[in-house]
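**Student:** For reference, the structure I am asking about is given below.
The values are calculated or read from the model by the stated rules, or taken from the named source; none is laboratory data. Keep in mind that what you see is a predicted model, and the values were worked out from it rather than measured. Backbone-built Cβ (ideal geometry, glycine too); neighbour counts: all protein chains shown. The accessibility values were calculated without ligands, DNA or RNA, using every heavy atom of the protein model including side chains. Shrake-Rupley method; radii C 1.70, N 1.55, O 1.52, S 1.80 Å.
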Amino acid sequence: MTRDQFIQALPKAELHLHIEGSLEPELLFELARRNRVEIPFSSPEEVRAAYSFERLQDFLDIYYQGMNVLLGPEDFYDLTRAYLARARQDNLRHVEIFFDPQGHTGRGVAFDHVVEGITAALDEAARDGGPSSHLILSFLRHLSEDEAFATLAEADSHLDKFVGVGLDSTEMGHPPGKFERVFARAGEMDLKLCAHAGEEGPPEYVRDSLDLLRIDRLDHGNRAMEDPRLVARLADSQMTLTSCPLSNLRLAVIADMRENPVADMLEAGLAVTVNSDDPAYFGGYLNDNYTAVAEALDLDRAQLATLARNSFTGAFLDEAAIAGHLGEIDSLLAGG
Ligand code: ADE
Ligand code: ZN
């Protein structure tokens, strides 16, 4: 079995995926036509050519513009269904999906329509061979604390649909402390807590996510590697990190795939996972990300299996479900 075949055969979970970031240019065009939304491109190829980013903000500007074609529940359903079909191809058994409600309610789209469309596709996949899924409501950190509280209040009547909350968008200048009270409230509501930190922001943002936001999972975490005491703390607590190799490369968080922190994170005993972040914008889905790091860092089967194991142990799944998935990885390694 080649390395690519092994990556394909590995049962995996994806823990860091923004559903709006899975909007492929072809679907963007189809939805623009369906909803009569003007877009400043004349072909999917032209859209792809515009995906050249020097920093996170360059991407975010285009990502929010792309969302303008998502209006009704059927649009969110089509978007989610397309991602889940791709996830099945990559042998994903479980996905934990972020969505950005404020990117939609801010344009006049009803919160309920967003949730209805996404969950219809998730429920359909759960009935129809998988993957299983959880949904995570992500706050936009460039918006205010009040706006995050208002979004959490809208979520209150749908709490059975979410496993947790996240924090994304522009990192620099929007430190975790801005959302300390919102996260405390979400924790009281028994929601799991995730935050993007250390993607562009300094190690303090990672530390504040631990101390002030009391996160259960750390998204990205690259710059934690600059602080050995922080690395030791993350290793001791076995905090799950969701690394996104192709995203890091395309957003110039790293200059070369060989600079990817995944191997150093594994070496330091961190519970790191590999994820696609916004696959339609960064040139690859989950297996493409596994392949990219495996090639650049010359990862062996044991390391790849550890990444896949971490994706299940870091998922917000019950112990029996996790044990089932780990058992499948063990049988693959045993040649069964
Ligand atoms: N929203 C979607 N993808 C993101 C990323 N990589 N960082 C911050 N916010 C995001
Ligand atoms: Zn992300």
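**Student:** Exposed loop GluC sites (Glu not before Pro) only (DSSP loop, at most 16 other Cβ atoms within 10 Å): please give the longest stretch of the chain free of them, not including the sites. Walk me through the numbers before you get to the answer.
**Tutor:** Details: sites that count: 38, 54.
Within the chain, the longest run free of exposed GluC sites (Glu not before Pro) spans 55-336.
**Student:** To continue, here is another question. Give the cross-link partners of residue 12 among the lysines, using a straight C-alpha distance below 26 Å as the criterion and excluding same-chain residues fewer than 8 apart.
**Tutor:** Filter leaves 161, 192.
**Student:** How about segment 74-141: which trypsin sites (Lys or Arg not before Pro) there are in a DSSP loop, with at most 15 other Cβ atoms within 10 Å of their Cβ?
**Tutor:** 107
**Student:** Got a sec? Which residues in segment 287-310 would a label at residue 263 touch, if it sits 7 Å along Cα→Cβ and we count backbone N under 19 Å?
**Tutor:** Output list for this probe position: 288-308.
**Student:** From the helices alone, meaning DSSP H stretches of at least four residues, give me the mean residue ellipticity at 222 nm for the chain, per-run term -39500 (n - 2.57), in deg cm²/dmol to the nearest 500.
**Tutor:** For the chain, the value works out to -14500 deg cm²/dmol.
**Student:** Another question, then. So what is the accessible area of segment 3-334 per residue, in Å², with the probe set to 1.4 Å? It would help to have the intermediate numbers written out before the result.
**Tutor:** Numbers: 12980 Å² over 332 residues.
Counting only protein heavy atoms, the per-residue value for segment 3-334 is 39 Å².
**Student:** Between the DSSP loop rule and a limit of at most 16 other Cβ atoms within 10 Å, which trypsin sites (Lys or Arg not before Pro) in segment 1-74 are left?
**Tutor:** Loop-located and lightly packed - 36, 55.
**Student:** Name all residues of segment 209-243 having a backbone nitrogen under 16 Å from the label point set 7 Å from the Cα of residue 184 along its Cα→Cβ direction, giving them as ranges.
**Tutor:** Correct set: 209-215.
**Student:** Accessible area of the chain with a 1.4 Å probe: how many percent of it is carbon plus sulfur?
**Tutor:** 47 percent
**Student:** What list of whole percents do you get for P(r) of the chain, with Cα-Cα distances grouped in 20 Å bins up to the one holding the largest distance?
**Tutor:** Going out from 0 Å in 20 Å bins, the chain shows 33, 61, 6 percent.
**Student:** Summing Lys, Arg as +1 and Asp, Glu as -1, what charge do residues with Cβ under 15 Å from the Cβ of residue 211 carry, residue 211 excluded?
**Tutor:** Its environment carries a net charge of 0.
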